[in-house]
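The values are calculated or read from the model by the stated rules, or taken from the named source; none is laboratory data. Model, not experiment: these values are computed from the prediction. No Cβ is skipped: glycine too gets one built from the backbone with ideal geometry, and neighbour counts run over all protein chains shown.
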């Protein structure tokens, strides 16, 4: 069962969501916010989510799945130039081979971005996000995150980013115990615009600490991410990404496997996005995902892919 503390957080978040939706409804009627809605469908292959629910001690592997994601977003540029944004996302994952891995995740997010002075090169974005995952009508977990991102625009092409984020994940103890986590993340990044319009590259280094009720679920993680986008034509673009992280756990994996878990994961992918109309975009990607782990149940590598459509509804 969820703890009294996290039940209070859940009640507060639901009340805030209801109030927020009422305010948004009023704002939309007054045409204050710019509204956007998208629906995407994809068939993909990637790492399963066994280590996040009741299958925590089953082997992690690359599996085929179907993904349907609905995103509703509201955005308003205020008179002073600051930006206020809300979004609601629903993501459904269905695994043809394993019905017990199917899940529905919702994300409710609010963000506020402002400059530190009218002529300042610094801007700040404050963001909070509430997530909930369910499987077979049973809640898997709830998570609340809040953070701040500071951006410094050095010139027209270079921007530096500094981000700090705190979070708390409440695992449903009816599935398994010990996975309630407190999170802390620090991140430094650099964004660069290239000469070709729309082309850009982004590099990020980060450190994250997660403290769980059980030490076997607590870990320190250090990583590097690289992202790039290059438009080939006005309706065709190539996206690429590489990520690398090292993760060290604080306790032995289990009584049956009394080994401290250590992992190094490398992911790389290339995606081609094609705009067919002002409402429909198709995409296809291929990549590689390799996780080298001291625990054989968590050791895997293989080809990943995805193909799908994104439809702009509004």
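Restricting attention to the stretch 172-205, report how many residues are in a strand (DSSP E or B) and farther than 30 Å from residue 271 by Cα. I'd like the intermediate steps shown before the answer.
First, pick out the residues of the stretch 172-205 that are in a strand (DSSP E or B): 181-193, 200-205.
This time we only want the ones that are farther than 30 Å from residue 271 by Cα, so: 181-184.
Residues meeting the conditions: 4.
Checked against (1) closer than 27 Å to residue 214 by Cβ; (2) at pLDDT below 95, residue 262 passes all but a single condition, namely (2).
When residue 38 is tested against (1) exposed (fewer than 15 other Cβ atoms within 10 Å of the Cβ); (2) modelled with pLDDT of 85 or more; (3) under 23 Å from the mean Cα position of the chain (by Cα), exactly one condition is not met: (1).
Here the strands (runs of 3 or more DSSP E) wholly within the stretch 206-314 that include at least 1 residues being closer than 21 Å to residue 185 by Cα and free of Cβ contacts under 8 Å to residues at least 40 places away in the same chain are 219-233, 236-252, 260-275. Here residue 72 meets each of (1) part of a loop (DSSP other than H, G, I, E, B); (2) modelled with pLDDT of 50 or more with one exception, condition (1). Kindly check whether there is at least one residue in the stretch 49-56 that is outside any loop (DSSP other than H, G, I, E, B) and either farther than 30 Å from residue 292 by Cβ or within 17 Å of the chain's Cα centre (by Cα) (or both). Yes: one or more hits.
Here the condition is being modelled with pLDDT of 95 or more and under 30 Å from residue 64 (Cα atoms); of 128, 203, it holds for 203 alone.
So that you can scan it fast, the table gives a plain yes or no per residue for (1) in contact with a strand residue (DSSP E or B) (Cβ under 9 Å, 6 or more places away or on another chain); (2) surrounded by 15 or more Cβ atoms within 10 Å (Cβ to Cβ); (3) more than 20 Å from residue 167 (Cα to Cα):
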| position | (1), (2), (3) |
| --- | --- |
| 190 | yes, no, yes |
| 197 | yes, no, yes |
| 200 | yes, yes, yes |
| 207 | yes, no, no |
| 215 | yes, no, no |
| 225 | yes, yes, yes |
| 254 | no, no, yes |
| 265 | yes, yes, yes |
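Given the options 245, 300, 276, name the one that is modelled with pLDDT of 95 or more, crowded, with 17+ Cβ neighbours inside 10 Å and out of contact with any helix residue (DSSP H, G or I) (no Cβ under 7 Å at 6 or more places or on another chain).
The unique qualifying residue is 245.
Across the stretch 279-297, the number of residues qualifying as surrounded by 17 or more Cβ atoms within 10 Å (Cβ to Cβ) and farther than 21 Å from residue 44 by Cα comes to 3. If the condition is being within 17 Å of residue 151 (Cβ to Cβ) and under 18 Å from the mean Cα position of the chain (by Cα), then the stretch 200-231 contributes 202, 203, 204, 205, 206, 225, 227.
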